[in-house]
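**Student:** Got a structure for you, written out below as structure tokens; questions coming shortly.
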Amino acid sequence: MNCIFCKIVNNEIKSDKVFEDEDLICIKDINPQAPVHILIIPKKHVEKLHQIEDISFLGKILKVAYKIAEKQGIKESGYRIVINTNRDAGQSINHVHFHLLGGRIMHWPPG
Ligand code: 5GP
Ligand code: ZN
């Protein structure tokens, strides 16, 4: 399949990994939008958030995210988790992923 994130999961494209287990890979974003910008990517190819039916898996992802926030030293200063879905939200890769951002002051509403 011609999917960048599947290729990263399969080690066909190099990435800077911060965490990996049987279900997930967590890598540094190639074009970081904050001092900490990690992508949490389910290994299984699913395109959209609303196609994930296993609610407990979503909970696991959020727990991995806040554990990484802790390890990266942004738990107390602040962190943001973003899931862009479809065109209006700016999803550019059709393999569901969670952005973990922190290390600077962020604005609201997001752009
Ligand atoms: P989206 O716009 O779909 O929410 O997020 C896709 C993210 O993947 C972007 O932040 C982009 O910088 C990142 N990205 C795209 N290609 C690569 C890559 O080859 N390696 C890594 N580490 N990140 C990538
Ligand atoms: Zn994929």
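The values are calculated or read from the model by the stated rules, or taken from the named source; none is laboratory data. The structure presented is a predicted model; accordingly, all values stated were derived computationally and were not measured. All Cβ positions, glycine included, derive from the backbone under ideal geometry; neighbour counts span all protein chains shown. Please note that ligands, DNA and RNA were not included when accessible areas were found on the heavy atoms of the full protein model with its side chains. Shrake-Rupley method; radii C 1.70, N 1.55, O 1.52, S 1.80 Å.
**Student:** Can you tell me which residue within segment 16-40, out of those that are free of Cβ contacts under 8 Å to residues at least 40 places away in the same chain and surrounded by 20 or more Cβ atoms within 10 Å (Cβ to Cβ), is farthest from GLY59 (Cα to Cα)?
**Tutor:** The residue in question is ILE27.
Residues checked against (1) more than 20 Å from CYS6 (Cα to Cα); (2) of a type outside the set (A, V, I, L, M, F, W, C):
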| residue | (1), (2) |
| --- | --- |
| GLU22 | no, yes |
| LEU39 | no, no |
| ILE52 | no, no |
| TYR66 | yes, yes |
| SER92 | no, yes |
| VAL96 | no, no |
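**Student:** What are the residues in segment 66-111 that are open to solvent by less than 60 Å² (accessible area, probe 1.4 Å), more than 20 Å from ILE8 (Cβ to Cβ) and in contact (Cβ under 8 Å) with a residue 60 or more places away in the chain, if any?
**Tutor:** GLY102, GLY103, MET106
**Student:** Test ASN10 against the criterion of being surrounded by fewer than 17 Cβ atoms within 10 Å (Cβ to Cβ), more than 29 Å from ARG104 (Cα to Cα) and either touching a residue at least 12 places away in the same chain (Cβ under 8 Å) or among the polar types (S, T, N, Q) (or both), and give yes or no.
**Tutor:** Values: surrounded by fewer than 17 Cβ atoms within 10 Å (Cβ to Cβ): yes; more than 29 Å from ARG104 (Cα to Cα): yes; either touching a residue at least 12 places away in the same chain (Cβ under 8 Å) or among the polar types (S, T, N, Q) (or both): yes.
When the stated conditions are applied, ASN10 passes them.
**Student:** Only one of (1) more than 10 Å from the chain's Cα centre (by Cα); (2) farther than 25 Å from MET1 by Cβ fails for ILE81. Which number is that?
**Tutor:** (1)
**Student:** Just for segment 89-111: of the residues that are within 16 Å of ligand 2 (Cβ to nearest atom) and of a type in the set (Val, Ile, Thr), which one is farthest from the chain's Cα centre (by Cα)? Steps first, please.
**Tutor:** Pass one, segment 89-111, residues within 16 Å of ligand 2 (Cβ to nearest atom): 91-98.
If we keep only those that are of a type in the set (Val, Ile, Thr) too, we end up with 93, 96.
Details: ILE93: 11, VAL96: 8 Å.
In this case the residue turns out to be ILE93.
**Student:** Related question: Got at least one residue in segment 47-65 being open to solvent by 60 Å² or more (accessible area, probe 1.4 Å), within 16 Å of ligand 2 (Cβ to nearest atom) and without any contact (Cβ under 8 Å) to a residue 24 or more places away in the chain?
**Tutor:** no
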